[in-house]
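Nothing in this text is a laboratory measurement; each read-out follows from the coordinates by a stated rule. The structure displayed is predicted, hence computed values, not measured ones. Reconstructed Cβ throughout: ideal geometry from the backbone, glycine too, with neighbour counts over all protein chains shown.
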Amino acid sequence: MKRVMILFVLMTAAVATAQQPAAQQPSNPAAQQPSAPATPAPIQPPSVPGHYDGVASCANSGCHGSTQPLNVARILQNEYYTWLSGDRHAQAYNVLFSERSARVARNMRLKKKAYEEAVCLDCHSTNVPARLVSGKVDIEDGIQCEACHGPASGWRAEHTQAGWTHEQSVARGMTDLRNVPLRASGCLSCHLGNDKKEVDHELIASGHPILAFELDNYTETMPPHWRRGKGTVTADTHGARAFAVGQAAAFSQSLDNLARHARGEKWPEFSDMSCINCHHSLETSGWRQERGWPGRAGLPSWSPQHWAVLRLLVGRADPSVRSQIDSDVQLIATRVSRMNDTSGVQQAALDARRLVDSVTPQIAALSWRDDDVRALMRTIAGDTDFILTSDVHSAEQTALALQSLAADLTRNNPRLLKSPMTDAIDGLFEEIKNRERYEPSRFVQKLGALRAAL
């Protein structure tokens with residue numbers, strides 16, 4: 001902004017000088033000789049979209065770098081400070097210096113340290129090619145503004161101008177985070193993985209944590225650096241609607257990953273599967289035997305974690321599609337467990353994904369009044385047969401979903417923060433905080449307590 005003002009003042013002065021009347025010619029003949037033409041000032045090239053300017057370009061105290069909300073604009077203007085002081089994304093790079101990260105690098109037989117390897121930096125920093133950097137982008141900044149909001153070179157200088165619109169910024173390279181499926185896709189690129197980066201079984205076996213994610217739950221605990229209200233954050237972009245669309249996006253992306261694994265060289269990719277079928281103590285596995293197996297006993301099993309809650313949403317949006325996807329899911333599980341039908345796995349995954357994508361607009365259009373939210377919570381809490389025959393990762397998704405929906409209720413009624421409903425949800429997380437000690441029957445009991453509280 002200061003640069004724009006300086007240029008404006010200089011241009012104004014130049015125009016004013018050009019408009020002054022010609023002065024009387026000096027009597028000195030030498031002064032009448034024409035002077036050498038002035039060297040024209042270099043023309044500054046227009047900003048090129050798609051380049052990264054770095055987090056420092058956003059941190060001016062009059063832009064996004066205030067330590068307190070300024071309450072003079074549509075934005076809070078303390079976004080940089082919020083990110084720096086409380087957002088885990090700002091610390092993502094520092095995690096790579098831990099002993100756990102060093103162990104992962106050793107087990108992966110990486111040539112460099114974890115904080116130097118692209119396989120780690122791609123999700124723990126804003127690791128972009130040097131040819132796309134116009135400013136100063138440090139990997140030490142972790143996941144900085146442009147990792148989520150898009151490369152700023154095409155719109156940073158213009159987006160504060162009077163009359164400049166959000167749509168113009170998007171056209172110049174800003175990521176439209178008001179578009180919930182697009183925002184979900186950006187988050188899932190690291191929190192679930194895609195064709196460019198993912199936490200696969202090799203990483204997990206080397207010591208990397210197994211990932212869990214739910215869009216609205218994780219968004220609201222960043223901490224938030226946005227306003228709520230018309231024109232900013234609304235029920236259309238956050239809350240229950242974001243939860244629902246995020247569920248669809250996660251399942252769709254997981255199916256895409258499954259199909260890619262099946263047609264690639266990494267099959268079988270065990271990160272697609274349920275850990276508990278292989279990783280458990282035979283001495284204490286009685287409950288698994290009592291539960292039984294979806295197919296032949298003891299075979300690896302595809303994890304239905306991303307279908308666990310979505311199936312109930314699809315049932316609300318279009319019951320006929322629910323029955324079709326249920327059939328596809330069963331086919332996926334059967335073919336994955338056999339591990340010898342890669343083309344069949346790929347086709348079943350793509351068929352299910354096509355159906356999920358087709359019903360996503362209907363999921364996005366669902367009503368989310370408080371009664372609707374409570375009704376879905378009761379349905380999830382009562383879905384005990386599925387939980388008893390599923391895995392701990394499905395239980396995690398169930399708990400995350402219920403927490404997101406409860407948060408939607410408490411925004412409208414803060415008194416619910418201290419209620420039996422909240423206590424019951426805390427009880428669910430107590431059951432899954434240690435995956436190795438997870439017991440489905442205890443989790444179901446806690447679901448019953450929540451259902452009673454609702």
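Computed quantities for the displayed model
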| read-out | value |
| --- | --- |
| Difference of contour (0.36 nm per residue) and Cα-Cα distance, Leu182 to Asn94 | 28.9 nm |
| Relative contact order, percent, the chain [alpha-carbon distance under 8 Å, six or more residues apart] | 13 percent |
| Karplus 3J(HN,Hα) series, Hz, for the range 101-108 with 6.51 cos²θ - 1.76 cosθ + 1.60 (x for Gly, Pro) | 5, 5, 5, 4, 4, 5, 5, 7 |
| Sites excluded, GluC sites (Glu not before Pro) in DSSP loops with at most 16 other C-beta within 10 Å, longest stretch of the chain | 266-454 |
| Calculated from backbone phi, Karplus (6.51, -1.76, 1.60) coupling profile of the range 146-159 in Hz, x at Gly/Pro | 5, 4, 9, 8, x, x, 8, 4, x, 9, 4, 6, 9, 6 |
| Of the trypsin sites (Lys or Arg not before Pro) in the range 327-402, those whose Cβ has at most 14 other Cβ within 10 Å and which sit in DSSP loop | Arg369 |
| Separation in nanometres of the label points that stand 7 Å from Cα toward Cβ, at Gln330 and Thr160 | 6.1 nm |
| Fully extended contour minus Cα-Cα distance, from Asp426 to Asp236, at 0.36 nm per residue | 65.7 nm |
| Amide H within-cut-off set for Val133, under 5 Å, with H built and near neighbours excluded | Tyr52 |
| Computed helical MRE - 222 nm, the chain, DSSP H runs ≥ 4 contributing -39500 (n - 2.57), nearest 500 | -15000 deg cm²/dmol |
| For the chain, Cys with no neighbouring Cys Cβ under 4.7 Å | Cys58, Cys63, Cys120, Cys145, Cys148, Cys187, Cys275, Cys278 |
| Inverse of mean 1/r across different Cα pairs in the chain, Kirkwood, Å | 25.2 Å |
| Residue order, fewest to most surrounding Cβ atoms within 10 angstrom, among Phe443, Phe243, Phe97 | Phe97, Phe443, Phe243 |
| Cβ charges +1 (Lys, Arg) and -1 (Asp, Glu), total dipole of the chain, debye | 500 debye |
| Amide H contacts under 5 Å for Met273, placed H, 5+ residues apart | Ser303 |
| Net charge of neighbours whose Cβ lies under 12 Å from the Cβ of Ile325, counting Lys and Arg as +1 and Asp and Glu as -1 | -1 |
| Fully extended contour minus Cα-Cα distance, from Arg131 to Ile204, at 0.36 nm per residue | 23.1 nm |
| Amide H partners (placed H, <5 Å) of Ala212, local residues excluded | none |
| Inter-label distance, nm, simple model (7 Å from Cα along the C-beta direction), Asp195/Ala364 | 2.2 nm |
